[in-house]
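The values are calculated or read from the model by the stated rules, or taken from the named source; none is laboratory data. Note that this is a predicted model, so its numbers are computed, not measured. In this analysis, Cβ positions are derived from the backbone assuming ideal geometry, glycine residues included, and neighbour counts consider all displayed protein chains. Heads up: the accessible areas ignore ligands, DNA and RNA and are worked out on the full protein's heavy atoms, side chains in. Shrake-Rupley method; radii C 1.70, N 1.55, O 1.52, S 1.80 Å.
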Amino acid sequence: MPANNFLDCDLHSSSPEYAKRFSGVAGTWLLKIQNQLIDQFLSKHSFQNGIDVGGGHAQVIPVLLKYSSQITLLASSREACGAAEQLIQESKIKVATSNLLDFSSEYNNYDLVSCFRIISHCDDWKKLISELCQASSDLVLIDYPTLRSSNILYFISFFLKRRIEGNTREFISFWDSEIKQEFRKHGFQRIYREAQFVMPMGLHRAMKNPKISGLIEKTCSLLGLRNLFGSPIVAGFSRKSN
């Protein structure tokens, strides 16, 4: 499936237009669920320093700052730091810019490397995973849409999402085995996997009712449907030697 140019998606994900997708009560609730799963992972794995790749949307950084004050945002350009600009000005995080498919060696040896809202919009996603692994001395944490979900009906769900959301971009969905295999090539094994939602996020946004959304998702989780068909996935990987 076609994806956007990587540098464009890095810039777009930090834009005011993108932020609108997570505004209001529904958007706030969607981010809350994502960050709860990130927090669940981080609470079990200590790290001294971390780097958030392409995280100019500033959705993950607040959770990372709960566990370490040494957080770097790596963006393709300063313009791609839009939503994180306030955190930078307050000196809560450092900022660095680089070709995100060819990191400089100075951005290696981080205990934790995170990358959210990016891989599904990157044509050369295998190269991106390679760079994430190279930068990490221990842990990598990412999200991705899975084909074991409503995303398997991509062409139908995409046009539905665009009708509801208005600004949906095309994206790549993955089989879990594809992601695991690529990390395995670089000496990493998956140690964490949690799905976020059974219902498409676009429908939750359209309902604008976190109480109903929460009830639906909780019921689906109790029935085992979230584990089987939920998406996007929050996945954590660790070097096999650990």
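Does residue 23 satisfy the condition of being under 23 Å from residue 204 (Cα atoms), surrounded by fewer than 18 Cβ atoms within 10 Å (Cβ to Cβ), touching a Gly at 6+ places or on another chain (Cβ under 8 Å) and hydroxyl-bearing (Ser, Thr, Tyr)?
no
Check 33, 38, 88 and return the single one that is touching a helix residue (DSSP H, G or I) at 6+ places or on another chain (Cβ under 8 Å), among the hydrophobic types (A, V, I, L, M, F, W, C), part of a helix (DSSP H, G or I) and without any contact (Cβ under 8 Å) to a residue 24 or more places away in the chain.
88
Just checking, which of 100, 132, 147 is within 18 Å of the chain's Cα centre (by Cα) and under 20 Å from residue 68 (Cβ atoms)?
132 is the lone residue from the list that is within 18 Å of the chain's Cα centre (by Cα) and under 20 Å from residue 68 (Cβ atoms).
Could you look through region 200-242, keep only residues that are farther than 19 Å from residue 178 by Cβ, assigned to a loop (DSSP other than H, G, I, E, B) and in contact with a Gly (Cβ under 9 Å, 6 or more places away or on another chain), and pick out the one that is most open to solvent (accessible area, probe 1.4 Å)?
Restricting to residues being farther than 19 Å from residue 178 by Cβ, assigned to a loop (DSSP other than H, G, I, E, B) and in contact with a Gly (Cβ under 9 Å, 6 or more places away or on another chain), the top hit is 208.
For region 135-150, give me each residue that is within 22 Å of residue 72 (Cα to Cα) and either touching a helix residue (DSSP H, G or I) at 6+ places or on another chain (Cβ under 9 Å) or among the aliphatic types (A, V, I, L, M) (or both).
135, 139, 140, 141, 142, 143, 144
Given the residues 95, 140, which is the only one that is touching a residue at least 40 places away in the same chain (Cβ under 8 Å) and either surrounded by fewer than 21 Cβ atoms within 10 Å (Cβ to Cβ) or under 19 Å from residue 187 (Cα atoms) (or both)?
When all the criteria are applied, what remains is 140.
Please work out if residue 73 is in a loop (DSSP other than H, G, I, E, B) and closer than 27 Å to residue 193 by Cβ.
When the stated conditions are applied, residue 73 does not pass them.
Can you tell me which of 101, 73, 64 is hydrophobic (A, V, I, L, M, F, W, C) and either touching a Phe, Trp or Tyr at 6+ places or on another chain (Cβ under 8 Å) or open to solvent by 10 Å² or more (accessible area, probe 1.4 Å) (or both)?
Sole residue among the options that is hydrophobic (A, V, I, L, M, F, W, C) and either touching a Phe, Trp or Tyr at 6+ places or on another chain (Cβ under 8 Å) or open to solvent by 10 Å² or more (accessible area, probe 1.4 Å) (or both): 101.
Does at least one position in region 28-41 carry a residue that is touching a His at 6+ places or on another chain (Cβ under 8 Å) and surrounded by 14 or more Cβ atoms within 10 Å (Cβ to Cβ)?
So far as region 28-41 goes, yes, one or more of its residues are touching a His at 6+ places or on another chain (Cβ under 8 Å) and surrounded by 14 or more Cβ atoms within 10 Å (Cβ to Cβ).
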